[in-house]
1. On the basis of being under 14 Å from Ser238 (Cβ atoms), touching a helix residue (DSSP H, G or I) at 6+ places or on another chain (Cβ under 7 Å), part of a helix (DSSP H, G or I) and not charged (D, E, K, R), does Ile312 make the cut?
2. Of the residues that sit in the stretch 340-352 and are closer than 19 Å to Arg197 by Cβ and surrounded by 14 or more Cβ atoms within 10 Å (Cβ to Cβ), which one is farthest from the chain's Cα centre (by Cα)?
3. Taking into account only those residues within the stretch 256-293 that are among the basic types (Lys, Arg) and in contact with a helix residue (DSSP H, G or I) (Cβ under 8 Å, 6 or more places away or on another chain), which is surrounded by the fewest Cβ atoms within 10 Å (Cβ to Cβ)?
4. Restricting attention to the stretch 29-74, which residues are of a type in the set (D, E, K, R) and over 24 Å from Gly270 (Cβ atoms)?
5. Would you say Tyr100 is at pLDDT 95 or above, among the hydroxyl-bearing types (Ser, Thr, Tyr) and over 20 Å from Arg124 (Cβ atoms)?
6. Going by what's in this entry, would Ser88 be described as surrounded by 20 or more Cβ atoms within 10 Å (Cβ to Cβ), outside the structural domain of Arg212 (by TED's automatic domain parsing), within 19 Å of Leu164 (Cα to Cα) and of a type in the set (Ser, Thr, Tyr)?
7. Would you pick out the residues in the stretch 275-292 that are within 18 Å of Gly84 (Cβ to Cβ) and in a helix (DSSP H, G or I)?
Amino acid sequence: MNTVCQADLCTGCMACMEVCPKDAITIKDSLRAYNAEIDPVKCIGCNLCRKICQNNRETELVKPIEWHQGWAEDERVRAGGSSGGAASALMRAFVKAGGYVCSCLFRDGEFVFETTHDERELDRFQGSKYVKSNPRGAYRRVKELLQKGEKVLFIGLPCQVAALKIFVGEKLQENLYTVDLICHGTPSPRLLELFLRQYGRTLKDVKSIRFRVKTGFWVETDERGVGTPGVTDSYLISFLNGICYTESCYCCRYARTERAADITLGDSWGTDLAAEEMRQGISLILCQTEKGVRLMHQAGLKLLDVDPDRAIRNNAQLQAPTEAPAEKEYFFQAVRSGKRYDRIVFRIYPKRSLKETLKKFLIKMHLYRGGV
């Protein structure tokens with residue numbers, strides 16, 4: 001197997017595919033790992049794929065110069081966000097100022113990136129995506145806009161931000177603004193597909209999907225729960241316990257306090273603010289550059305102080321990557337053998353699964369409202 005970077009450590013950033021002049025790169029997804037494989041017949045030996053791969057070179061990471069927690073001052077924007085609506089507020093302010101936004105959305109059964117400068121389209125980017133996305137095409141589009149003198153805001157995972165900055169080059173970064181997300185890790189979308197098929201659904205069949213409602217975690221397709229709204233389903237149990245990520249996530253170079261982007265966003269877990277504010281959503285906002293600070297203060301955000309030590313304690317991926325659970329190999333073996341996703345997760349996490357089953361019963365008996 002001839003790979004762009006070390007075997008099984010591909011992050012799936014897709015930059016190598018985008019730079020290859022002969023379409024010689026294929027991302028192979030084995031569920032437990034991604035690999036960017038080179039077709040020896042098509043390859044002309046230019047080595048552009050290996051030169052652009054952020055796994056093969058050093059990435060400049062910068063410590064935050066400002067730490068905040070807060071939320072969008074616009075109540076509708078805050079309500080529509082997974083946490084405090086900070087990403088949406090940043091996007092709206094950027095577009096209103098004449099810039100373009102590039103971020104991830106769900107379209108035609110895939111999690112892809114699109115670019116827009118139409119404020120009416122920004123709602124499509126809302127919500128957390130607890131699955132690996134495909135940014136192919138985004139890097140080239142962003143570079144084209146920067147070459148035309150346009151300003152672009154890119155929101156993605158740290159590995160995607162690092163890949164984009166390499167792709168566009170240093171000379172074009174003056175008008176590039178970047179936001180990375182505090183990422184626990186990402187599973188292959190094929191795992192999500194296997195989970196949905198238990199319930200007679202496929203990614204191609206649904207028009208919309210979301211994975212959380214503020215502090216509640218469950219999969220919804222077309223605005224209805226796959227299981228029971230208010231009950232954390234087996235897909236989210238596996239995700240929150242970090243057992244389903246691709247191999248590269250367990251040794252992520254970007255799971256640290258130093259960051260790849262101008263701004264870093266996450267949830268202000270462990271906040272000392274009132275419980276009611278937490279129910280409405282509170283974002284954690286870190287700024288690494290003066291460019292990021294200016295953008296943050298222009299975005300219509302309610303900004304409050306946050307204790308950095310407390311924020312780090314409650315966001316483990318600001319210190320280190322997720323540790324691979326002991327049952328990880330069993331999980332992937334069981335998935336590949338065709339066992340039902342729900343049963344695999346129940347076998348590994350019986351206490352959490354039984355707790356969620358009890359919640360489901362109580363919700364159906366109208367004795368408990370859950371997270372709805």
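The values are calculated or read from the model by the stated rules, or taken from the named source; none is laboratory data. Everything quoted here is computed from the prediction, not taken from an experiment. Cβ placement follows ideal geometry from the backbone for every residue including glycine, while neighbour counts extend to all protein chains displayed.
1. Details: under 14 Å from Ser238 (Cβ atoms): no; touching a helix residue (DSSP H, G or I) at 6+ places or on another chain (Cβ under 7 Å): yes; part of a helix (DSSP H, G or I): yes; not charged (D, E, K, R): yes.
The answer is no for Ile312.
2. The first filter runs over the stretch 340-352 and keeps only residues closer than 19 Å to Arg197 by Cβ, leaving 340-347.
Add one more test, that the residue is surrounded by 14 or more Cβ atoms within 10 Å (Cβ to Cβ), and what stays is 340-342, 344-347.
Numbers: Arg340: 25, Tyr341: 22, Asp342: 23, Ile344: 24, Val345: 22, Phe346: 25, Arg347: 27 Å.
Per the stated criteria, the residue is Arg347.
3. The extreme case among them is Arg256.
4. Across the stretch 29-74, the qualifying residues are Asp29, Arg32, Glu37, Asp39, Lys42, Arg50, Lys51, Arg57, Glu58, Glu60, Asp74.
5. Against the criterion (at pLDDT 95 or above, among the hydroxyl-bearing types (Ser, Thr, Tyr) and over 20 Å from Arg124 (Cβ atoms)), Tyr100 does not qualify.
6. Taking the combined requirement at face value, the residue does not satisfy it.
7. Ala275, Glu276, Glu277, Met278, Arg279, Gln280, Gly292
Residues are listed down the side, and each one gets a yes or a no for (1) polar (S, T, N, Q); (2) in contact (Cβ under 8 Å) with a residue 60 or more places away in the chain; (3) surrounded by 21 or more Cβ atoms within 10 Å (Cβ to Cβ):
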| residue | (1), (2), (3) |
| --- | --- |
| His184 | no, yes, no |
| Gly216 | no, yes, no |
| Ser234 | yes, yes, yes |
| Tyr245 | no, yes, yes |
| Ser248 | yes, yes, yes |
| Tyr254 | no, yes, yes |
